[in-house]
1. Out of (1) free of Cβ contacts under 8 Å to residues at least 24 places away in the same chain; (2) of a type in the set (A, V, I, L, M, F, W, C); (3) surrounded by 13 or more Cβ atoms within 10 Å (Cβ to Cβ), what's the single condition that is false for PHE59?
2. Kindly check whether there is at least one residue in the stretch 74-83 that is assigned to a helix (DSSP H, G or I) and either closer than 18 Å to ILE103 by Cα or at pLDDT 95 or above (or both).
3. Kindly check whether there is at least one residue in the stretch 19-34 that is open to solvent by 50 Å² or more (accessible area, probe 1.4 Å), more than 25 Å from LYS109 (Cα to Cα), in a helix (DSSP H, G or I) and among the aromatic types (Phe, Trp, Tyr).
Amino acid sequence: MLKINLDIENGTAIFEPDSKLSVTDFKSAARVIDAYIKDYGKLKGLVIVTQKIPSWESFTALLSHLSFIKDHHKQILFIAIVTDSSIGDLAAHVAYHFISAEIRSFKYKQLQEAQKWIKDSSCE
């Protein structure tokens with residue numbers, strides 16, 4: 001399941017996956033992000049917080065994840081991956097080549113630092 005918290009005041013969303021990701025998770029995420037974009041424009045930041053990076057329930061869920069990225073990466077300015085998993089650093093380095101957003105990886109205990117990085121980052 002993917003828990004989604006939207007902070008409209010700061011233009012950020014926090015995604016907290018706690019089990020394998022499903023097609024429903026990405027549909028829910030798209031609804032939340034699309035509604036924000038429609039009302040306010042680009043999302044300043046997305047913070048993904050998980051101690052361990054989860055996998056997907058199915059191949060269809062993986063495709064939904066890739067579709068979510070393709071449809072939204074130009075609408076999100078900064079992405080913070082907050083995890084103790086070494087996959088977080090790898091994901092940030094690989095995604096850098098495919099995603100418009102500036103991406104940075106943080107340790108799981110550094111959630112506040114990740115949020116501050118997004119809040120203090122320039123949108124220019």
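The values are calculated or read from the model by the stated rules, or taken from the named source; none is laboratory data. This structure is a prediction, so every number in the text was calculated from the model and none was measured. Glycine gets a Cβ as well: all are built from the backbone with ideal geometry, and neighbour counts include every protein chain shown. Areas reflect the complete protein model, heavy atoms only, side chains present, ligands, DNA and RNA absent. Shrake-Rupley method; radii C 1.70, N 1.55, O 1.52, S 1.80 Å.
1. So the condition that PHE59 fails would be (3).
2. Yes, some residue in the stretch 74-83 is assigned to a helix (DSSP H, G or I) and either closer than 18 Å to ILE103 by Cα or at pLDDT 95 or above (or both).
3. Checked the stretch 19-34: no residue is open to solvent by 50 Å² or more (accessible area, probe 1.4 Å), more than 25 Å from LYS109 (Cα to Cα), in a helix (DSSP H, G or I) and among the aromatic types (Phe, Trp, Tyr).
For (1) modelled with pLDDT under 70; (2) assigned to a strand (DSSP E or B), each residue gets a yes or a no:
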residue	(1), (2)
HIS93	yes, no
ILE99	no, no
ILE103	no, yes
LEU111	no, no
